[in-house]
Amino acid sequence: MPGPGLVKRCATESLRLLQDNLTPQGILAASRTAAAEARSYTRIFGRDAAICVLAMAGSGVEALEQGAVASLDSLAKLQARNGQIPKYVDPAGQDADFWYLGCIDATLWWLIAVDHTRRNGQLPGLAGRWEDEVQRALQWLQAQEHQRFYLLQQNEASDWADIMPRSGFVLYTNALWYRVKQLFGLPHQEETHYHFNHLFHPFQRDLPEYRRTRLLGHYARRGQRNPGLYLSFVNLSFAGEEGDVFGNVLAVLYGLAGDSMAHGIVKTLVNAGVSDPYPIRTVTHPIATDHDLWRGYMARHKQNHPHQYHNGGIWPFIGGFWAMALARLGQHEVARKELAKLALTNSLDDWRFTEWFHGQSFEPMGMAGQSWNAAAYLMAKQALDTGKFAM
């Protein structure tokens, strides 16, 4: 097990990486390399930058404080007229991308980062900043909320797992939506919480009153045993049983899972070995190429085959959220071990901060210098050292 020296050094290297990846317009998703430029990683991404802002705003490091505000500004500047925050913007501020089927979570993460910066940022004049953009973003999201389930609806491949077949009501997206509702005082929070638990975990004894909720729950659990996790998505005739680790971890962090469910999720993930040897795999059961949920686009760039990329690859940034979830449940000793493993993971290949690793061979894949690896590590360390959760 890595010692405290590596844990401390990883914090230093993480701060250095964030500063190195800053531009006057905000934080880039990855370090500037030819490969990163070719794949548009040298852009300010809605979700990546927002997660970085959670570590940057309130850090007390002037460059990071300014970079946090600049990141939110750049995304707000190219907000769509209907309120959507872009998937990414180029540092020159000339181009915004909104992905093939839309990118719903960039707006959610941006709102979470705005609230965090208003509360914790150390620059002047933040209290009411971005208010017009916030209201448009909230209106855009509310237009996509089902008026009986009070959950967001979305297309396939339109959140961070952008070549996965999750659609309809998606676990990860709606965990973020619940958090946004809490932060901005939006209506129907209780209904969102209730339907979240009954749709994504349709194995409860009590049956919802709303007929369509009962039917969707029946469709979702048909032929399944209780997996100990929330389903990754629920649609009209099928549901995701691959075990979405990030979505389940967010449900724990944001209090959507009750105490028993939260501890059950952690136990299930530990038993599945999702953080061995590195934290943490994206799914517990990768979708095979002969599975009904396999899509041709999942082979795009040869990325999403089983145990790769979003389909079972190991993503260190999620490992930071995993350590925070353990800390939130009071499992501090385990969380510190996971933080140490995460420090080791980021240190591999001379502090490469690798985007992701193959889930079986552990081969480093993707881009080097991934900004949100550094940010998630710093957030997890802060949570363990001080009890303060940037989330």
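The values are calculated or read from the model by the stated rules, or taken from the named source; none is laboratory data. Computed from a predicted model, the values in this text were never measured in an experiment. Ideal geometry is used to build each Cβ from the backbone, glycine not excepted, and the neighbour counts take in all protein chains shown. Keep in mind that these areas ignore ligands, DNA and RNA; they rest on the heavy atoms of the full protein, side chains included. Shrake-Rupley method; radii C 1.70, N 1.55, O 1.52, S 1.80 Å.
Quick rundown of the values:
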read-out: Some residue of the stretch 106-125 being within 23 Å of Ala161 (Cβ to Cβ), surrounded by fewer than 16 Cβ atoms within 10 Å (Cβ to Cβ) and not hydroxyl-bearing (Ser, Thr, Tyr); value: no
read-out: Residue tally, condition among the charged types (D, E, K, R), under 28 Å from Phe317 (Cβ atoms) and not in a helix (DSSP H, G or I), over the stretch 139-198; value: 5
read-out: Pairs where the first residue, in the stretch 335-357, is farther than 15 Å from Trp322 by Cα and the second is assigned to a helix (DSSP H, G or I) and acidic (Asp, Glu), C-beta under 6 Å, 6+ apart; value: Trp351/Glu13
read-out: Some residue of the stretch 155-170 being surrounded by fewer than 19 Cβ atoms within 10 Å (Cβ to Cβ) and polar (S, T, N, Q); value: yes
read-out: Residue in the stretch 339-363 that is nearest to Lys267 (Cα to Cα), counting only those that are in a loop (DSSP other than H, G, I, E, B) and open to solvent by 10 Å² or more (accessible area, probe 1.4 Å); value: Gln360
read-out: Residue in the stretch 221-237 that is surrounded by the most Cβ atoms within 10 Å (Cβ to Cβ), counting only those that are in contact with a helix residue (DSSP H, G or I) (Cβ under 8 Å, 6 or more places away or on another chain) and in a loop (DSSP other than H, G, I, E, B); value: Tyr230
read-out: Those residues of the stretch 70-104 which are open to solvent by 20 Å² or more (accessible area, probe 1.4 Å), of a type in the set (Gly, Ala, Ser), out of contact with any strand residue (DSSP E or B) (no Cβ under 8 Å at 6 or more places or on another chain) and under 14 Å from Asp132 (Cβ atoms), in sequence order; value: none
read-out: First in the stretch 99-120 and farther than 19 Å from Gly26 by Cα, second anywhere and in a helix (DSSP H, G or I), Cβ under 7 Å, 6 or more apart; value: Cys103/Gly46; Ile104/Thr173
read-out: Tally, over the stretch 287-307, of residues that are open to solvent by 30 Å² or more (accessible area, probe 1.4 Å) and either outside any helix (DSSP H, G or I) or not small (Gly, Ala, Ser) (or both); value: 14
read-out: Selection status of Ile318, farther than 27 Å from Ala34 by Cα, β-branched (Val, Ile, Thr) and touching a residue at least 24 places away in the same chain (Cβ under 8 Å); value: no
read-out: Qualifying residues in the stretch 309-338 (those that are out of contact with any Lys or Arg (no Cβ under 8 Å at 6 or more places or on another chain), over 22 Å from Ser14 (Cβ atoms) and of a type outside the set (Ser, Thr, Tyr)) - the one most open to solvent (accessible area, probe 1.4 Å); value: Glu333
read-out: Meets criteria (surrounded by fewer than 17 Cβ atoms within 10 Å (Cβ to Cβ) and either touching a strand residue (DSSP E or B) at 6+ places or on another chain (Cβ under 9 Å) or among the β-branched types (Val, Ile, Thr) (or both)) for Ala49; value: no
read-out: Output for the stretch 267-276, where each listed residue is surrounded by fewer than 19 Cβ atoms within 10 Å (Cβ to Cβ) and assigned to a helix (DSSP H, G or I); value: Lys267, Thr268, Val270, Asn271
read-out: Residues (open to solvent by 20 Å² or more (accessible area, probe 1.4 Å) and either among the β-branched types (Val, Ile, Thr) or closer than 18 Å to Thr354 by Cβ (or both)) located in the stretch 1-14; value: Pro2, Leu6, Val7, Arg9, Thr12, Glu13
read-out: Residue that is without any contact (Cβ under 8 Å) to a residue 40 or more places away in the chain and open to solvent by less than 40 Å² (accessible area, probe 1.4 Å), where the choices are Gly247, Gly264, Gly240; value: Gly264
read-out: Selection within the stretch 201-220 - modelled with pLDDT of 80 or more and not in a helix (DSSP H, G or I); value: His201, Pro202, Phe203, Gln204, Asp206, Pro208, Glu209, Tyr210
read-out: Test: Trp160 is closer than 20 Å to Phe389 by Cα, within 17 Å of the chain's Cα centre (by Cα) and of a type in the set (Phe, Trp, Tyr); value: no
read-out: Every residue from the stretch 209-220 that is open to solvent by less than 10 Å² (accessible area, probe 1.4 Å) and either in contact with a Pro (Cβ under 8 Å, 6 or more places away or on another chain) or not polar (S, T, N, Q) (or both); value: Gly217, Ala220
